[in-house]
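The values are calculated or read from the model by the stated rules, or taken from the named source; none is laboratory data. The model shown is predicted, which means the values in this text are computed figures rather than measured ones. Don't worry about glycine lacking a Cβ; one is built from the backbone with ideal geometry, like all the others, and counts go over all protein chains shown.
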Amino acid sequence: MTDRPDRNARRTSEALIYFFTHVEDLRSQLRGHESREAVDGLLTAVRDDGDVDAAAKRLNERIRAEGDALGLYGRTRAIGAQLAGIGDAGREQGIYLCPHRRCLRHHWADETADSPPACDLDGTPLRLKRL
């Protein structure tokens, strides 16, 4: 038995974090029409519950084809995960997560207003998970 599907899912989730954090930068930096279409394709795949893995791979290929050696996946290892309960003594034990369970973006419960933050893609309120 292998954990490859879990690694692939995590890799795609980390790529989505980078993508949604930098989507406007990517859009402005990519020169080719096919590359800009790949950005829109990934947005559409996430919004419409399409093949996100294939859309992320296509965008990664387009970014690399335009001369960026890191592509979409090469930037994901720089994103550090913070473990619950380590270094966050003043934090409530709650975190808002992607309502669609598609990416790893999050907001700590004590960093948000009275209402939950919303998904940048479709405005759906993020789901609260107690830690």
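Yes/no per residue for (1) part of a helix (DSSP H, G or I); (2) touching a strand residue (DSSP E or B) at 6+ places or on another chain (Cβ under 6 Å); (3) without any contact (Cβ under 8 Å) to a residue 12 or more places away in the chain:
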position: His22; (1), (2), (3): yes, no, yes
position: Ser28; (1), (2), (3): yes, no, yes
position: Arg31; (1), (2), (3): no, no, no
position: Ala38; (1), (2), (3): yes, no, no
position: Ala45; (1), (2), (3): yes, no, yes
position: Ala56; (1), (2), (3): yes, no, no
position: Asn60; (1), (2), (3): yes, no, no
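Checking the conditions here, which among Asp68, Asp114, Asp48, Asp122 is modelled with pLDDT under 85, of a type outside the set (Ser, Thr, Tyr) and over 13 Å from Leu16 (Cα atoms)?
Only one candidate passes the filter, namely Asp114.
The rows are residues; the columns are (1) over 21 Å from Asp120 (Cβ atoms); (2) under 14 Å from the mean Cα position of the chain (by Cα); (3) outside the structural domain of Ala9 (by TED's automatic domain parsing).
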| residue | (1), (2), (3) |
| --- | --- |
| Leu26 | no, yes, no |
| Arg36 | no, no, no |
| Arg47 | no, yes, no |
| Gly50 | no, no, no |
| Ile63 | no, no, no |
| Gly67 | yes, no, no |
| Leu70 | yes, no, no |
